[in-house]
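Structure, as structure tokens:
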Amino acid sequence: MTLLAAEGVTKRLPEGVTLVSDISMSVEGGEFVAITGPSGSGKSSLLYLLGLLDRPTSGRVLLQGEDTARLPPPALAALRLARLGFVFQFHFLLPEFSALDNVLIPIRRRGVLKPDAAQARAMSLLAALGLADAAQKLPEQLSGGMRQRVAIARALANDPLLLLADEPTGNLDTKNAAAVFDIFAQLAAEEGRAVLVVTHDADLAQRATRRIHLVDGRIVSDERDSSPTRGP
Amino acid sequence: MRLILDIARGMLSRRRRQTLVSVLGVALGVAFFIAIASLMRGFQTYFVQQVIDVQPHIVIKDETRRPLPQAAELALPDGAVSVNGVKPRDRIRGIRSAGEKLAILEAIPGAAAAPILTGPALLRYGSRDVTITVTGIEPARYRRVANLEKDMIHGSLEELRQAANGLIIGSGLALRLGVEMGDTVIAVSPRGVSLQMKIVGIFHTGLVSLDQSAGYALLKVNQVLQDRPNVVNQILLRLADVTRAEPLAREIEARFGDRTESWEEQNRNILTVFVIQNAIMYSVTGAILLVAAFGIYNIISTVVFEKTRDIAILKSLGFTEGDIQRLFLVQGIIAGLLGALLGCIIGQVMIEGLAQIRFNTETPAGNDRFLLARDWRIFAVASVFAVASAAIAAVIPARRASRLDPVQIVRGAA
């Protein structure tokens with residue numbers, strides 16, 4: 001099914017600069033989409049619009065068919081909490097909290113799971129990303145690759161339908177970057193989940209099942225792997 | 001909410017030293033407020049207690065609040081009459097039909113009444129002259145409205161009755177005249193009456209004005225001395241319940257027409273000073289707390305500035321503007337609470353410290369230390385004030401934090 005759809009989405013800054021221009025696209029469950037393009041092509045802006053962090057100047061974004069254009073900010077926040085997960089270039093872990101507590105923040109904010117179950121879920125997420133031993137460590141005690149994996153675990157905390165990543169490997173070496181992309185590929189393979197990654201690294205983009213190329217805020221190419229290994 | 005609290009605590013703990021400084025600011029404000037309020041309240045309570053203890057609660061005087069109307073005005077109430085240059089009628093001053101009034105007053109439950117006559121006299125002993133005010137009393141009744149007996153250092157009220165013309169004087173007066181118990185002085189009144197009086201008692205209240213220029217004699221004796229037979233010029237009342245003094249005084253005045261003053265009215269000037277004192281205290285400590293509030297504003301602003309990335313990520317994770325606002329408001333309140341708690345402790349220590357101080361001077365009641373009120377309400381007021389001002393100080397940066405746009409921050413950090 002269509003998880004996410006953009007219809008004529010345009011983002012213009014008050015100063016008149018157009019970041020994203022009339023983009024229409026849709027993302028299905030199980031897709032691993034890489035958004036590429038040169039600097040200033042609007043790929044990050046598009047990701048923020050699709051991730052409901054920003055509102056388009058015109059056009060609309062539909063999440064599972066629901067129009068988000070008219071939703072008030074708290075409703076958007078609730079959607080982000082329950083259905084979306086973000087990973088940024090910088091890990092943005094809260095420095096005062098252990099890896100485990102960082103992963104627990106979105107789970108606790110949502111408040112669906114009981115404390116024990118929340119703890120167990122966070123631990124299993126960290127374990128799945130190979131961080132079981134680092135759970136009690138503070139971010140400053142972790143390596144860059146580990147921090148980014150903690151950030152991924154946090155993005156997955158509430159089992160989102162859609163994982164959005166903005167240059168997630170920008171601060172990582174090749175080995176760690178490849179590992180992160182492997183994780184994304186694996187996550188996209190899980191039932192119903194879609195992964196959207198903004199990157200300027202063409203090699204890494206090749207690991208995705210679909211590549212959208214942006215230039216000057218417009219989609220110039222949108223290619224899918226001819227024989228997707230998994231998913232619809 | 002637990003989560004918000006946890007995050008707030010984490011953020012504050014990162015800026016431990018700054019947080020400590022702003023908490024100390026609040027604490028000092030609270031502590032000073034507590035110490036000063038305790039001092040002032042202690043003194044004021046003591047003073048009021050002293051007044052209630054020493055002075056009669058209600059004094060009925062032989063005057064009226066407004067001059068008595070002239071006969072012409074009474075005869076022609078609506079006429080265009082104006083009487084100027086009236087010479088006071090030479091009437092006998094004093095409370096009229098005092099005996100009947102006394103009976104009525106004594107019938108009031110919880111009230112004791114005593115008639116007195118006060119008047120000036122010149123005391124002469126050897127070559128020394130001192131002008132004093134002689135109060136004529138009936139010991140049995142006077143005892144119920146005043147605590148003169150408590151202050152007697154020699155003799156007693158009863159001895160007024162036993163001597164022919166007994167006189168009790170203050171210690172300072174005794175010193176000035178150079179008289180001792182049993183000596184005889186000559187008292188001369190403005191009406192020219194002169195009596196030989198025997199010193200039968202000496203009192204010491206600690207109030208210089210009283211000790212140096214007051215004397216007590218029997219009512220009858222003073223009536224002779226003042227040449228005002230059977231005249232009473234004041235009736236003193238003492239009540240079991242002092243809070244009734246003012247309404248009762250109004251009632252009595254309305255009924256008798258004589259000017260009647262409660263202890264509150266008699267001490268109004270000092271009670272007004274207390275109000276001003278309190279206003280000064282509140283503004284000084286308010287200023288300290290204001291400075292402390294700026295400290296809190298500063299630390300919360302710094303945290304907001306430093307934590308823009310955390311704010312951005314929390315928002316992208318699905319925290320609402322309200323969540324972010326609460327997050328920083330809570331930090332202000334935590335700082336305020338810590339400050340209030342620490343301030344209460346420091347305040348208590350300051351009170352105990354002040355309580356240790358001893359003065360060398362002899363104050364009215366023979367006190368040599370600060371009079372301190374130890375009232376939990378002072379602590380409560382200070383704490384509530386501190387936490388409220390801390391919360392208000394945190395509102396502005398908290399609102400700013402909640403309005404940060406995560407997109408701009410994420411972009412800037414990338």
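Of note:
- Taken over segment A:205-214, the residue count meeting the criterion of being in a strand (DSSP E or B), more than 12 Å from residue A:27 (Cα to Cα) and of a type in the set (A, V, I, L, M, F, W, C) is 1.
- Hits in segment A:113-125 (condition: within 21 Å of residue A:162 (Cβ to Cβ) and in contact (Cβ under 8 Å) with a residue 12 or more places away in the chain): A:121, A:122, A:125
- When residues in segment B:303-320 are screened for being assigned to a helix (DSSP H, G or I) and out of contact with any Pro (no Cβ under 6 Å at 6 or more places or on another chain), 9 of them pass.
- For segment B:45-77, filtering for residues that are in a helix (DSSP H, G or I), among the polar types (S, T, N, Q) and free of Cβ contacts under 8 Å to residues at least 40 places away in the same chain leaves 1.
- Looking only at residues of segment A:148-204 that are assigned to a loop (DSSP other than H, G, I, E, B) and within 18 Å of residue A:30 (Cβ to Cβ), we find that the one that is nearest to the other protein chains (Cβ to nearest Cβ) is A:160.
- Among the residues of segment A:154-170, the one identified as over 23 Å from residue A:209 (Cα atoms) and surrounded by fewer than 24 Cβ atoms within 10 Å (Cβ to Cβ) is A:158.
- Out of A:112, A:33, one residue alone is more than 17 Å from residue A:2 (Cβ to Cβ), more than 12 Å from chain B (Cβ to nearest Cβ) and not in a helix (DSSP H, G or I). It is A:112.
- Selection status of residue B:362, modelled with pLDDT under 90, out of contact with any helix residue (DSSP H, G or I) (no Cβ under 6 Å at 6 or more places or on another chain) and within 14 Å of another protein chain (Cβ to nearest Cβ): no
- Within segment A:54-92, tally of residues that are under 20 Å from residue A:187 (Cβ atoms) and not β-branched (Val, Ile, Thr): 14
- Selection within segment B:284-306: residues that are in contact with a Phe, Trp or Tyr (Cβ under 9 Å, 6 or more places away or on another chain) and not polar (S, T, N, Q). The member of this set that is nearest to the other protein chains (Cβ to nearest Cβ) is B:303.
- Number of the exception - residue A:68 against (1) within 23 Å of residue B:322 (Cα to Cα); (2) surrounded by fewer than 23 Cβ atoms within 10 Å (Cβ to Cβ); (3) touching a strand residue (DSSP E or B) at 6+ places or on another chain (Cβ under 7 Å); (4) within 13 Å of chain B (Cβ to nearest Cβ): (4)
- Here the condition is being under 27 Å from residue A:147 (Cβ atoms) and hydroxyl-bearing (Ser, Thr, Tyr); of A:39, A:26, A:21, A:58, it holds for A:39 alone.
- Residue B:411 being under 22 Å from residue B:299 (Cα atoms), within 14 Å of another protein chain (Cβ to nearest Cβ) and of a type in the set (Lys, Arg): no
Conditions tested, residue by residue: (1) part of a helix (DSSP H, G or I); (2) buried (at least 17 other Cβ atoms within 10 Å of the Cβ); (3) modelled with pLDDT of 90 or more.
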residue	(1), (2), (3)
B:108	no, no, no
B:114	no, yes, yes
B:121	no, yes, yes
B:124	no, no, yes
B:142	yes, yes, yes
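- Qualifying position, being of a type outside the set (Phe, Trp, Tyr), assigned to a helix (DSSP H, G or I) and away from every other protein chain (no Cβ under 14 Å), among B:275, B:232: B:275
- Residue in segment A:81-96 that is without any contact (Cβ under 8 Å) to a residue 24 or more places away in the chain, touching a Gly at 6+ places or on another chain (Cβ under 9 Å), within 12 Å of chain B (Cβ to nearest Cβ) and closer than 27 Å to residue A:7 by Cα present: no
- Every listed requirement among (1) assigned to a helix (DSSP H, G or I); (2) surrounded by 22 or more Cβ atoms within 10 Å (Cβ to Cβ) is met by residue A:140 save one, (2).
- Filtering A:189, A:151, A:205 for residues that are touching a residue at least 60 places away in the same chain (Cβ under 8 Å), surrounded by 22 or more Cβ atoms within 10 Å (Cβ to Cβ) and either under 20 Å from the mean Cα position of the chain (by Cα) or within 24 Å of residue A:42 (Cα to Cα) (or both) leaves a single hit, A:151.
- Looking only at residues in segment B:313-326 that are of a type in the set (A, V, I, L, M) and facing another protein chain (nearest Cβ under 7 Å), the one that is surrounded by the most Cβ atoms within 10 Å (Cβ to Cβ) is B:313.
- Residue in segment B:108-120 that is free of Cβ contacts under 8 Å to residues at least 60 places away in the same chain, more than 30 Å from residue B:302 (Cα to Cα) and touching a helix residue (DSSP H, G or I) at 6+ places or on another chain (Cβ under 7 Å) present: no
- Any chance residue B:31 is at pLDDT 85 or above and either more than 19 Å from the chain's Cα centre (by Cα) or within 30 Å of residue B:115 (Cβ to Cβ) (or both): yes
- Residue list for segment B:191-227, filter: in contact with an Asp or Glu (Cβ under 7 Å, 6 or more places away or on another chain) and outside any loop (DSSP other than H, G, I, E, B): B:199, B:200, B:201, B:203, B:219
- Failed item in (1) surrounded by fewer than 20 Cβ atoms within 10 Å (Cβ to Cβ); (2) away from chain A (no Cβ under 14 Å); (3) touching a residue at least 40 places away in the same chain (Cβ under 8 Å); (4) assigned to a helix (DSSP H, G or I), with residue B:382 passing the rest: (1)
- Residues that are part of a helix (DSSP H, G or I) and either in contact with a Phe, Trp or Tyr (Cβ under 9 Å, 6 or more places away or on another chain) or not aliphatic (A, V, I, L, M) (or both) were ranked within segment B:159-190; the one that is surrounded by the most Cβ atoms within 10 Å (Cβ to Cβ) is B:160.
- From the list B:288, B:252, B:276, B:299, the lone residue that is modelled with pLDDT under 85 and over 19 Å from residue B:398 (Cβ atoms) is B:288.
- Selection from segment B:7-22 of residues that are buried (at least 19 other Cβ atoms within 10 Å of the Cβ) and either more than 20 Å from residue B:341 (Cα to Cα) or free of Cβ contacts under 8 Å to residues at least 60 places away in the same chain (or both): B:7, B:11
- Within segment A:97-109, being facing chain B (nearest Cβ under 8 Å) and assigned to a loop (DSSP other than H, G, I, E, B) holds for one residue alone: A:97.
The values are calculated or read from the model by the stated rules, or taken from the named source; none is laboratory data. As the structure is a computational prediction, the values presented were derived from the model and not from experiment. Quick reminder, even Gly has a Cβ in these numbers, built from the backbone with ideal geometry, and neighbours come from all protein chains shown.
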